[in-house]
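Participant: I'd like to ask some things about the structure below.
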Amino acid sequence: MPSKLLIAIPNYGNNAPGLFLDSMVRLMTHLARKFGPGEIDYMRVGLMYIDIARNMIWDEARKRQTEALLCLDDDMTFTPQTFEAVWNTPGDVVSGLYFQRRQPPTAPCMYQRMPNGHHSAVMAYPKDAVIDVDAVGFGFVLIRKPVIDALEHPFTTKTAKGEDATEGSNDVQEDRFY
């Protein structure tokens, strides 16, 4: 039986920060109340090359025919309310709001395409609202079955944008994660 949700964490090694673990405990407690037995799967892949780890996770989601894939980065923190907002938002790729790890001011990991084809971080956005953007990172992102089924090995590091930015188009067959 396909799972309703595969929670996946690619990371560089075998350790995870304590604040991330605290977030995971709260999330898993919440999800245990929301989903029935066998409806949630969990996968962590610790590899040096995150694009390879993400593709391994993607392959597993396709193999299991999961309805939704929740990708989490182990350097993020989040709440069950963040999950509920993402889960209840229509769309095939839905990201929670999180920020780049840099000295302030930090930019959110959501981007709009500029007329020149480059992407710029969305710096102004309404509080507690869902907005459409052209690209997001994968720190806290839910991907639904139509996208999982449509793409094979979508992650690569062949661009300077990183392996986890996703850019959409009107035709899901043309979507690529890079």
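Participant: I'd like the residue in segment 62-89 that is touching a Lys or Arg at 6+ places or on another chain (Cβ under 9 Å) and of a type in the set (Val, Ile, Thr) and, out of all such residues, is surrounded by the fewest Cβ atoms within 10 Å (Cβ to Cβ).
Facilitator: Among residues in segment 62-89 that are touching a Lys or Arg at 6+ places or on another chain (Cβ under 9 Å) and of a type in the set (Val, Ile, Thr), the one surrounded by the fewest Cβ atoms within 10 Å (Cβ to Cβ) is Thr79.
Participant: So in segment 4-15, with the set limited to residues that are modelled with pLDDT under 90 and assigned to a loop (DSSP other than H, G, I, E, B), which one is nearest to the chain's Cα centre (by Cα)?
Facilitator: Tyr12
Participant: Still on this structure, please answer the following. Just need a number here: residues in segment 1-40 that are surrounded by 13 or more Cβ atoms within 10 Å (Cβ to Cβ) and acidic (Asp, Glu).
Facilitator: 1
Participant: State all residues of segment 41-61 that are of a type outside the set (A, V, I, L, M) and either over 24 Å from Asp149 (Cα atoms) or surrounded by fewer than 17 Cβ atoms within 10 Å (Cβ to Cβ) (or both); if no residue qualifies, say none.
Facilitator: Matches in segment 41-61: Tyr42, Arg44, Gly46, Tyr49, Asp59, Glu60.
Participant: Which one is nearest to Ala150 (Cα to Cα), of the residues in segment 86-111 that are at pLDDT below 90 and among the polar types (S, T, N, Q)?
Facilitator: Gln100
The values are calculated or read from the model by the stated rules, or taken from the named source; none is laboratory data. In this text, all values refer to a predicted model and were calculated from it rather than measured experimentally. For neighbour counting, all protein chains shown are included, and Cβ atoms are generated from backbone atoms with ideal geometry for every residue, glycine included.
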